[in-house]
Amino acid sequence: MTRVLPADDEGSVRDAADRLRAGELVALPTETVYGLAARAYDEDAVLSVFAAKGRPGFDPLIVHVTRASRAELEEQGVLDGSRLSEAAARAVDALAALWPGPLTLVLPKGPSVPDAATSGLDTVAVRAPSHPTTRAVIDALGEPLVMPSANRFGRVSPTEAAHVADELGEAVALVLDAGATEHGVESTIVGIEDDGTARLLRPGALPRETIEEALGAPLGEPAHAGADGGEAPLAPGMLASHYAPRKTLRLLDAAEVDLAKDAPPPEGRPGVILYSNARRIALEARWAPAHTRVLSPEGDDREAARKLFAALRELDASDADWILAELPPEGDGLRPAIRDRLRRAAAAR
Ligand code: AMP
Ligand code: MG
């Protein structure tokens, strides 16, 4: 049995750090989703994260730290500062000021990070999470952690401790339970180029506007993944299909009360995920859903993001035959992250 312990307890934190030191995998709450943690410096532990998730080796992990200034990252061997131009170093300093929080920066990889963690890339993704439990575990261990979401590869991310055991079972020795996570979607990923340009590689819990304000410049867009890639940015390991429930998921464009895809709807009664209450009556009349989940009655993006993955998971486990989700219209703040997760969850597998 996977042990689940309360997160706000010194003994739990010590237990987690001891197991990590011994090379075991531990699931920890972060401000985004629950993560599957292993020692970043231990290549075998890193490989066991890929194995437990069924994650392909080409999809690099994020290294999590608590000491996160540019100098501290260099000192820990996470960052190779000699490969940062002056302009890039200035951008790193401006963005590191947003830590701790749900922001990941892609930087020149330092010598302490094993190649397995970065899928052989010479860059490394780094984040300083704000969740007190994860920070306490990193500090007790005295070393950075790799920590992808604690789910089987390509599946819905866990936002509660119970989701982790559902996904990974015995592969994870210990889960620290801190209740439902604060943001509910993953970190925003930003790549920094030689000339100091910062690019948005994945929309996430930290809004673009906040990042641009800290940077004093607009974020560049990444290359896009092909004609039908839609908003999908092209970063290593960023696949069109991700965050997917087992059941068929169709998206309903908020602009029309119609299926956004040409194909006829699947047989049977859907479980419906509504972004807000605005179109509930029309939708329920048309689709006679087996179940309805409203992410945020008033259409508040923070609340919707927090509830999104749990709603997908609940309807996936319900007796609904398929899932129909309302795609909210484009917008700022958390909206790009919500749309990105829904589109990937619905993408053809
Ligand atoms: P997650 O799956 O939430 O742990 O996020 C990891 C994601 O970060 C990967 O799927 C990549 O898209 C991105 N990533 C990690 N390392 C790098 C890197 N060196 N360069 C670009 N993107 C990266
Ligand atoms: Mg993930």
Open item on the list: What's the ranking of 281-293, 6-18, 105-117 by average number of surrounding C-beta atoms within 10 Å, highest first?
Closed with: 105-117, 6-18, 281-293
- [ ] Describe numerically, in nm with one decimal, the distance between label points set 7 Å from Cα along Cα→Cβ at residue 153 and at residue 22.
- [x] 2.8 nm
TODO: Would you mind counting up the charge near residue 45? Only other residues with Cβ under 12 Å from its Cβ, with Lys and Arg at +1 and Asp and Glu at -1.
DONE: -2
- [ ] Just grab the label-to-label distance for residue 89 and residue 284, each label 7 Å out from Cα along the Cβ direction, in nm (one decimal).
- [x] 6.1 nm
TODO: Compute the long axis of helix 10-21 from its Cα atoms, compare it with the longest principal axis of the Cα atoms of the chain, and write down the angle in degrees, 0 to 90, nearest 10.
DONE: 70 degrees
Open item on the list: Counting only other residues whose beta carbon sits under 12 Å from that of residue 32, what net charge do I get with K and R as +1, D and E as -1?
Closed with: +1
Task: Nearest-20 debye value, the chain charge dipole, Cβ charges on Lys, Arg, Asp, Glu - done: 780 debye
TODO: Show that you can apply the helix-only estimate: for the chain, add -39,500 (n - 2.57) for every DSSP H stretch of four or more residues, divide by all residues, and state [θ] at 222 nm to the nearest 500.
DONE: -8500 deg cm²/dmol
Open item on the list: With θ taken as phi - 60° and the coefficients 6.51, -1.76 and 1.60, list the Karplus ³J(HN,Hα) couplings across the stretch 266-282 in order, rounded to whole Hz; mark glycine and proline as x.
Closed with: x, 5, x, 9, x, x, 10, 10, 9, 5, 9, 7, 3, 10, 4, 5, 4
Open item on the list: If amide hydrogens are placed 1.01 Å from N in the peptide plane, which non-local residues have theirs closer than 5 Å to the one on residue 124?
Closed with: 107, 109
Open item on the list: I need the phi-derived Karplus couplings for the stretch 156-173: 6.51 cos²θ - 1.76 cosθ + 1.60, θ = phi - 60°, integer Hz, Gly and Pro marked x.
Closed with: 5, 6, x, 10, 9, 4, 5, 4, 5, 5, 4, 7, 10, x, 5, 4, 10, 6
- [ ] Can you send over the carbon and sulfur percentage of the accessible area for the chain, probe radius 1.4 Å, protein chains only?
- [x] 50 percent
Task: DSSP beta bridges in the chain [antiparallel fraction, %, rounded to 5] - done: 45 percent
Open item on the list: For a quick size check, give me the Cα extents of the chain along its three principal axes, largest first, whole Å.
Closed with: 61, 49, 33
Task: Given charges at Cβ of Lys, Arg, Asp, Glu: the stretch 139-226 dipole, positive-most of 178, 158, 216 - done: 158
Task: Full-stretch length increase - residue 277, residue 240 - with 0.36 nm per residue and alpha-carbon distance subtracted - done: 10.5 nm
Open item on the list: Only Cα pairs within less than 10 Å get springs; with that Gaussian network setup on the chain, which residue of 317, 88, 161 has the largest fluctuation?
Closed with: 317
TODO: Hey, can you find the accessible area per residue of the chain for me, probe 1.4 Å, expressed in square angstrom?
DONE: 40 Å²
Open item on the list: I need to check one value: relative contact order of the chain, counting alpha carbon pairs closer than 8 Å and at least 6 residues apart, in percent.
Closed with: 20 percent
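The values are calculated or read from the model by the stated rules, or taken from the named source; none is laboratory data. Keep in mind it's a predicted model, so treat the numbers as computed, not measured. Cβ: placed from backbone, ideal geometry, glycine included. Neighbour counts: every protein chain shown. Keep in mind that these areas ignore ligands, DNA and RNA; they rest on the heavy atoms of the full protein, side chains included. Shrake-Rupley method; radii C 1.70, N 1.55, O 1.52, S 1.80 Å.
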